[in-house]
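**Q** Mind having a look at this structure? Questions to follow.
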Amino acid sequence: MRIKDKIKRPRRPVVVYEILSPREKDGTLNSYAENISSLLAQTHIDAINIPEVRDEIGRGERPVKNQLRAEPREFGKLLQDIVGIESIVNRVVVHQTLEKEMVWFEETYNKYEIENLITVGGESRNITYPGPSVNEALEAIKQNLTLDVLCGGISIPSREKESRKLIEKSKNGSEFFTTQVLYDSSKIIKMISHYQKRCDEQNTFPRRLLLSFAPVSSKKNIKFLKWLGVDIPTDTEKYLNENDQIMTERSMEIAINVLNETLTFLNENKIVVPIGLNVEHIMSYNFQASIEMLQELARIYREFCIKTDIY
């Protein structure tokens with residue numbers, strides 16, 4: 001079954017693994033993809049999510065030096081060919097004109113055989129970008145009859161009026177959303193609750209939310225996540241930083257608690273917003289820790305999907 005069909009079936013579990021394209025100095029794409037294939041044999045996933053890395057001036061100095069990386073769609077095509085699993089490629093749409101973006105989308109679909117996209121906007125509304133907004137890009141893709149693609153978006157639970165943004169993007173063609181990495185359940189629960197209420201009011205069905213998680217193993221990881229805009233409560237950050245030797249284990253504990261609290265809320269309140277998982281490694285040296293997190297969170301999540309009757 002294609003990821004497009006899985007995403008649209010509320011009762012169908014969807015588990016995605018997010019990974020950056022390899023750095024150019026790490027060698028050929030093929031060897032990197034083969035390594036990932038052997039590691040991912042440890043667990044089941046439905047798709048590989050490949051972000052597009054861009055530095056934004058508004059974020060300030062980057063805590064971790066950026067590296068030249070392979071183009072996400074090129075890496076995605078190789079993963080589809082070698083690993084035999086669909087890729088989801090992220091695209092920041094604001095940096096060139098809509099006409100050029102449409103050429104990029106058509107080339108990605110026809111040449112690279114990528115059928116799953118996540119449209120991403122700019123860093124700040126205070127910056128004037130040359131390209132379209134996410135909604136303008138989504139609408140253009142929807143109107144293009146030659147593109148049979150699954151479009152998704154990004155959800156930031158801590159952002160004001162986020163549930164309204166989700167509905168607007170859905171109307172323009174977004175069929176799912178990946179959240180910002182979660183280290184607290186309160187804001188995602190609040191956002192999901194508002195989203196359900198607004199969907200009910202507008203007599204529309206909620207799109208799937210892929211809850212994102214990632215392990216951390218150092219203060220540098222935490223600093224980088226915060227630079228990316230990830231919301232980490234002060235008490236949680238303090239708990240993680242208390243002992244560097246067990247930071248990875250504690251981040252696993254936090255992720256399990258956030259997922260359990262969110263799923264419990266959904267079940268107890270009969271919230272029908274479809275949920276999925278998106279696990280990422282943040283840094284390459286956290287790869288094995290992310291696989292272990294993926295296995296444990298997926299186990300909890302799949303049990304929930306089997307037992308729940310809310311969908």
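The values are calculated or read from the model by the stated rules, or taken from the named source; none is laboratory data. The structure displayed is predicted, hence computed values, not measured ones. When we count neighbours, we look across all protein chains shown, and the Cβ atoms used for this are built from the backbone with ideal geometry, even at glycine. For accessibility, only protein heavy atoms count, side chains too; no ligands or nucleic acids. Shrake-Rupley method; radii C 1.70, N 1.55, O 1.52, S 1.80 Å.
**Q** Given the conditions (1) open to solvent by 40 Å² or more (accessible area, probe 1.4 Å); (2) assigned to a helix (DSSP H, G or I); (3) farther than 18 Å from Asn267 by Cα; (4) in contact (Cβ under 8 Å) with a residue 24 or more places away in the chain, and given that Met247 satisfies all but one, which numbered condition is not satisfied?
**A** Failing condition for Met247: (1).
**Q** Kindly indicate whether any position in segment 290-302 is free of Cβ contacts under 8 Å to residues at least 12 places away in the same chain, within 26 Å of Arg207 (Cβ to Cβ) and either small (Gly, Ala, Ser) or assigned to a helix (DSSP H, G or I) (or both).
**A** yes
**Q** Next up: Among residues belonging to segment 119-165 that are of a type in the set (Lys, Arg) and not in a loop (DSSP other than H, G, I, E, B), point out the one that is surrounded by the most Cβ atoms within 10 Å (Cβ to Cβ).
**A** Taking the candidates together, the pick is Lys165.
**Q** I want to confirm something. Restricting to segment 259-311 and keeping residues that are of a type in the set (Val, Ile, Thr) and more than 15 Å from Lys190 (Cα to Cα), which single residue is surrounded by the fewest Cβ atoms within 10 Å (Cβ to Cβ)?
**A** Checked segment 259-311; the qualifying residue surrounded by the fewest Cβ atoms within 10 Å (Cβ to Cβ) is Ile306.
**Q** Go through (1) under 15 Å from Tyr195 (Cα atoms); (2) open to solvent by 50 Å² or more (accessible area, probe 1.4 Å); (3) part of a loop (DSSP other than H, G, I, E, B); (4) of a type outside the set (A, V, I, L, M) one by one and return the number of the condition Glu168 breaks.
**A** With respect to (1) under 15 Å from Tyr195 (Cα atoms); (2) open to solvent by 50 Å² or more (accessible area, probe 1.4 Å); (3) part of a loop (DSSP other than H, G, I, E, B); (4) of a type outside the set (A, V, I, L, M), Glu168 is out only on (3).
To keep it simple, each residue is scored yes or no on (1) at pLDDT below 95; (2) in contact with a Ser or Thr (Cβ under 6 Å, 6 or more places away or on another chain).
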| site | (1), (2) |
| --- | --- |
| Gln80 | yes, yes |
| Ser87 | no, no |
| Val92 | no, no |
| Glu99 | no, no |
| Val103 | no, no |
| Glu113 | no, no |
| Val120 | no, no |
| Arg125 | yes, no |
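**Q** Something else: Specify the residue that is modelled with the highest pLDDT; the eligible residues are those in segment 64-74 that are out of contact with any strand residue (DSSP E or B) (no Cβ under 6 Å at 6 or more places or on another chain) and open to solvent by less than 40 Å² (accessible area, probe 1.4 Å).
**A** Ala70
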